[in-house]
Amino acid sequence: MIMPKFFIEKRAFFRSKVARRIFSLFILCALVPLGVLAYYSYNQVTGSLYAQATAGLRRASKISGMIAYERLQFLETDLETLASLPAWSADGPAVGLHSGLEERLSARFKGLVLRTGSGMTTSIVGRMRPIPQLTEEEEDQIRTGKTIVFSRPGTKKAAGIYMAKALDGRRPLRAFVFGEIDPEYLWEGEGFSSPLTEFFVIDQAGSVLFTSFNKFVPVEELKNALRRIHSVQSFTWTYGKDSYLASFWNLFIVPRFHANWIVVQSQSKKESLAPVGYFRKLFPLLVLLTFFIAVLLSLIQIRRNLVPIELLREATKHITA
């Protein structure tokens with residue numbers, strides 16, 4: 001390794017005790033603020049990158065919730081159209097559904113039924129088995145003229161979602177229509193999960209309404225996050241060896257549909273915090289480079305000021321000898 005000339009020349013300034021002390025003091029004074037600045041910068045940058053990742057997931061969960069809410073409004077309009085047909089009997093509409101309405105209902109609902117005041121049910125579109133029983137509270141909400149959305153545990157990993165609407169109250173027939181919403185209509189398409197994110201929805205009772213996960217849904221982690229924090233609205237969870245970062249949006253639709261959903265977008269920490277990992281690898285190199293530059297400049301500056309003094313001192317000693 002070739003050393004700089006000032007390290008090996010005969011009158012190298014580091015032979016001076018004063019030079020060594022000045023150099024040590026200079027390095028100490030440079031390292032302390034540099035270390036503090038590095039620590040502060042690291043925390044600020046990593047915190048900012050983490051906040052950006054959670055904010056992105058939160059925006060995604062809000063967008064997903066708004067899309068789902070818009071589709072619920074479309075479904076409500078369909079039921080209102082169906083409920084306002086001019087003639088009904090215990091067997092359903094007295095006149096057949098026009099092709100456009102029937103096709104739309106078939107694409108958006110797995111099945112639609114008419115339930116009369118006596119408890120009889122008649123299929124209108126598709127098949128809905130089993131037909132869920134309504135609670136007294138749900139029936140009371142329907143009788144007030146509201147469109148309600150409710151869920152029931154399903155045979156698969158996600159619960160079934162239903163929508164109900166009373167017929168026109170001016171008719172003597174005390175009946176309402178309700179149907180099981182097709183999850184593909186409600187949750188599929190642009191705006192929901194992407195190749196890098198996972199998506200799930202639970203209702204106010206903690207039932208999973210939809211999930212893009214294959215095996216596991218972190219319902220308990222979400223409930224703990226709801227109890228602990230309300231402003232940040234994010235949490236982390238693990239499955240096996242993988243860690244995930246998640247953020248959620250509370251889709252409060254009680255005033256309109258008598259329901260409350262929580263929409264969650266989640267992403268692998270490795271993917272969501274990739275910029276943080278890159279910064280962690282790059283940051284030590286930047287600190288070392290800054291330290292090397294500070295040392296080099298200090299050596300040059302000290303040598304420039306002390307070598308002439310050292311030469312003068314040695315010349316004086318030579319004259320007096």
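The values are calculated or read from the model by the stated rules, or taken from the named source; none is laboratory data. This structure is a prediction, so every number in the text was calculated from the model and none was measured. FYI the Cβ positions are ideal-geometry reconstructions off the backbone, even for glycines, and counts take in every protein chain you see. These area figures cover heavy atoms from the full protein model, side chains too; ligands, DNA and RNA do not enter into them. Shrake-Rupley method; radii C 1.70, N 1.55, O 1.52, S 1.80 Å.
Out of Ala107, Ala164, one residue alone is modelled with pLDDT of 85 or more, within 33 Å of the chain's Cα centre (by Cα), small (Gly, Ala, Ser) and open to solvent by less than 30 Å² (accessible area, probe 1.4 Å). It is Ala164. Here the condition is being modelled with pLDDT under 75 and of a type in the set (Gly, Ala, Ser); of Gly56, Gly65, Gly117, it holds for Gly117 alone. Look at (1) touching a Phe, Trp or Tyr at 6+ places or on another chain (Cβ under 7 Å); (2) in contact (Cβ under 8 Å) with a residue 40 or more places away in the chain; (3) on the phi < 0 side of the Ramachandran plot and you find that Lys269 fails only one, number (2).
Applying the condition of being touching a Ser or Thr at 6+ places or on another chain (Cβ under 7 Å) and modelled with pLDDT under 85 to region 131-161 and asking which residue is surrounded by the most Cβ atoms within 10 Å (Cβ to Cβ) yields Ala158. Among the residues of region 36-62, those identified as under 12 Å from Ser247 (Cα atoms) and not hydroxyl-bearing (Ser, Thr, Tyr) are Ala51, Gln52, Ala53, Ala55, Gly56, Leu57, Arg58, Arg59, Ala60, Lys62. Checked against (1) modelled with pLDDT of 80 or more; (2) under 22 Å from Ala55 (Cα atoms), Lys241 passes all but a single condition, namely (2). Annotation note: of Leu31, Leu37, Leu82, Leu97, the sole residue that is at pLDDT 75 or above and open to solvent by less than 90 Å² (accessible area, probe 1.4 Å) is Leu82. Inclusion of Glu188 among residues that are open to solvent by 50 Å² or more (accessible area, probe 1.4 Å) and modelled with pLDDT of 85 or more is not warranted.
In this structure, Arg174 qualifies as in contact with a helix residue (DSSP H, G or I) (Cβ under 9 Å, 6 or more places away or on another chain), modelled with pLDDT under 75, open to solvent by 50 Å² or more (accessible area, probe 1.4 Å) and of a type outside the set (Phe, Trp, Tyr).
Restricting attention to region 123-130, does a residue exist that is β-branched (Val, Ile, Thr) and either surrounded by fewer than 18 Cβ atoms within 10 Å (Cβ to Cβ) or modelled with pLDDT of 85 or more (or both)? Scanning region 123-130, I find no residue that is β-branched (Val, Ile, Thr) and either surrounded by fewer than 18 Cβ atoms within 10 Å (Cβ to Cβ) or modelled with pLDDT of 85 or more (or both), so the answer is no. Within region 251-265, can one find any residue that is more than 30 Å from Arg21 (Cα to Cα), of a type in the set (Phe, Trp, Tyr) and assigned to a helix (DSSP H, G or I)? Within region 251-265, one or more residues are more than 30 Å from Arg21 (Cα to Cα), of a type in the set (Phe, Trp, Tyr) and assigned to a helix (DSSP H, G or I).
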